[in-house]
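**Student:** There's a structure below that I have some questions on.
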Amino acid sequence: MNTSEHISKQYDADLAALRSRVVEMGGVVEEQFRFAVDALSSGRSDLAEQVVANDRRVNELEVEIDDDCAHVIAKRQPAASDLRMVLGVSKMTTDLERIGDKARKIARLSAAVRSSGEADARWLEDTHRTADAARGLLRDALNAFVRGELEGAIAVIRAAQGVGQQVSAISRSLVKRMGENPGQVAVLLDMMAINKAVDRVADHAGNLAEHLIYIIKGTDVRHATLDQIERETLQR
Amino acid sequence: MASKAPKPDLATLPKKAEARALNFFYGAKQALKNISLPVYDRRVTALIGPSGCGKSTFLRCFNRMHDLYPGNRYEGEIRFFPDDLNLLGADVDPIEVRMRLAMVFQKPNPFPKSIFENVAYGLRVRGVNQRSVLVDKVEEALKGAALWNEVKDRLDEQANNLSGGQQQRLCIARALASEPEMLLFDEPTSALDPIATASIEELIHQLKDKVTILIVTHNMQQAARVSDFTAYMYLGDLIEFGWTDDVFFRPKNKQTEDYITGRFG
């Protein structure tokens, strides 16, 4: 990221505001996700309700930040790293909003899953562990964004694959339980949906890291393998 | 990795001109420092940079404008193709050069003559006086400059009656009438409003099928819009040259990046 100042201080201020708002949104979304997982672990329905209610704020932030991006483009005609910053921030808000949706989904499903009696300690523990890992990725991606760290972004993309593997293992055990216990398929599907939501949060954190690479390097790595990303971003 | 249709390999692109180790001096003051730059055939190349960077000085070397003032001195070459002529050669007639490389200036500068005579001027200078030939050539040039439909019924009116944007297109028509191989634009729209600017930019886009264009502009968005290649200059040095897409999206040089993002100061 280009950190030197523009001749126009107001332009600097506009771009700084964009950056800080997307970090603010990241903070809100991270908290939403943490509360949703806590609601599931603790069975606290008030937390779950709070997450569902707060999702509106996440949606508002997405719209507001996108609007800010459009205004910067219209007024400043940003070029090069500034243009990539604005486009990247706009894409980041989309991924953050999706993470907010996943938090809401987990919160909504938590009550039914808790009351079913199928949510055993092992599953709750595994789910909490993968969710913590996914949340760590989200935090790392935001930190890498704040610091403009390419290596941090690549580490997030690498780690997101590990979360995916953990979630696959949990899913396999749920499928096995469905076979053994056909009467509980509905709630087991809800549990699987929760695990899938955690997996998607990790994916979105990986997307945030990809947007960061685009902002810093101008390289679009959205559909590249990890090997390609490392080769193309670290060499130049 | 996502990528657009690959750009042609620069090694395969035909060149219309090429500056080679070009130095230029206004008396004792060196204004261009060892500039080597290709100008690709029937492409638009934009020269950008802050005031005093040498972009207009560089442009003016191409049609030997500097010859008009004593004390100016060139070193190096500008090769002109396909005949591989050195435009700066002592044996090369600047008048002939200016027929092949026509200049359009910042402010429209029509002659105090009729619209028709402005366009016919270059042809008359070359001894073309046959009315039917002049009529055909003037029409062709005015059409080429996207001005014909607006002036065809008033060719005998004074050129000064035209609007600023029309006057600039008239100057382009005047340049086109001598069928130049290359057009040199020195900030051609800086005195025009946005609508007239857009029509000149559209014209540049149409003209590049036929002629090679070198344009100096202070308007970076204009360089981004109209050019295929961009050269960034600073204090007489060429800092970066490349495809405009690359220069404006992912410049290689930090100085270029700072200039086009408005960080230069």
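**Student:** Compute the length gained on full extension between B:Lys252 and B:Ala11: take 0.36 nm times their separation in residues and subtract their Cα-Cα distance, giving the result in nm to one decimal.
**Tutor:** Once the chain is fully extended between B:Lys252 and B:Ala11, it gains 84.8 nm.
**Student:** Rounded to two decimals, what ratio of Rg to Rh does the range B:9-161 give with C-alpha atoms and a Kirkwood Rh?
**Tutor:** Reported Rg/Rh, Kirkwood definition of Rh: 1.02.
**Student:** Now for a different question. Please report the net charge: other residues with Cβ closer than 9 Å to the Cβ of B:Arg42, K and R +1, D and E -1.
**Tutor:** +2
**Student:** With every protein chain left in place, what is the accessible area per residue of chain A in square angstrom, probe 1.4 Å?
**Tutor:** That works out to 45 Å² for each residue.
**Student:** Report the FRET efficiency, 1/(1 + (r/R0)^6), for B:Gln130 and A:Glu60, where r is their Cβ-Cβ distance and R0 is 56 Å, rounded to 0.05.
**Tutor:** The value I calculate is 0.15.
**Student:** Would you list which aspartates and glutamates come within 18 Å of B:Lys33, measuring only between C-alpha atoms, while excluding same-chain residues fewer than 8 positions from it?
**Tutor:** Leaving aside aspartates and glutamates fewer than 8 places away in the same chain, those within reach of B:Lys33 are B:Glu18, B:Glu75, B:Glu77, B:Asp237, B:Glu240.
**Student:** Something else: What percent does the relative contact order of chain A come to when contacts are Cα pairs within less than 8 Å and at least six residues apart?
**Tutor:** Here the relative contact order equals 25 percent.
**Student:** OK, next. With r as the distance between the Cβ atoms of A:Gln10 and B:Lys152 and R0 = 51 Å, compute the FRET efficiency 1/(1 + (r/R0)^6) and round to 0.05.
**Tutor:** Computed FRET efficiency for B:Lys152 and A:Gln10: 0.60.
**Student:** Sort B:27-33, B:230-236 by packing, meaning the average of other beta carbons within 10 Å per residue, with the highest value first.
**Tutor:** B:230-236, B:27-33
**Student:** Further, regarding this structure: Treating cross-link reach as a plain straight distance, find the lysines whose alpha-carbon is under 24 Å from the alpha-carbon of B:Lys29, omitting any fewer than eight places away in the same chain.
**Tutor:** B:Lys55
**Student:** First measure r as the distance between the Cβ atoms of A:Glu230 and A:Asn181, then evaluate 1/(1 + (r/R0)^6) with R0 = 45 Å and state the FRET efficiency to the nearest 0.05.
**Tutor:** 0.55
**Student:** Return the aspartates and glutamates within reach of B:Lys137: Cα separation strictly under 14 angstrom, same-chain partners fewer than 8 residues apart disregarded; answer none if there are no such residues.
**Tutor:** The reachable aspartates and glutamates, counting only those whose Cα sits under 14 Å from B:Lys137, are B:Glu117, B:Glu179.
**Student:** Also: For chain A, please report how many Lys pairs fall under 30 Å Cα to Cα, leaving out neighbours fewer than 8 apart on the same chain.
**Tutor:** Going through chain A pair by pair, I get 15.
**Student:** In addition: Gap in Å between the Cα centre of the range B:157-204 and the Cα centre of the range A:65-81?
**Tutor:** Rounded to whole Å, the Cα centres lie 32 Å apart.
The values are calculated or read from the model by the stated rules, or taken from the named source; none is laboratory data. None of these values were measured; they are calculated from a predicted model. Note: ideal-geometry Cβ built from the backbone for every residue, glycine included; neighbour counts use all protein chains shown. Heads up: the accessible areas ignore ligands, DNA and RNA and are worked out on the full protein's heavy atoms, side chains in. Shrake-Rupley method; radii C 1.70, N 1.55, O 1.52, S 1.80 Å.
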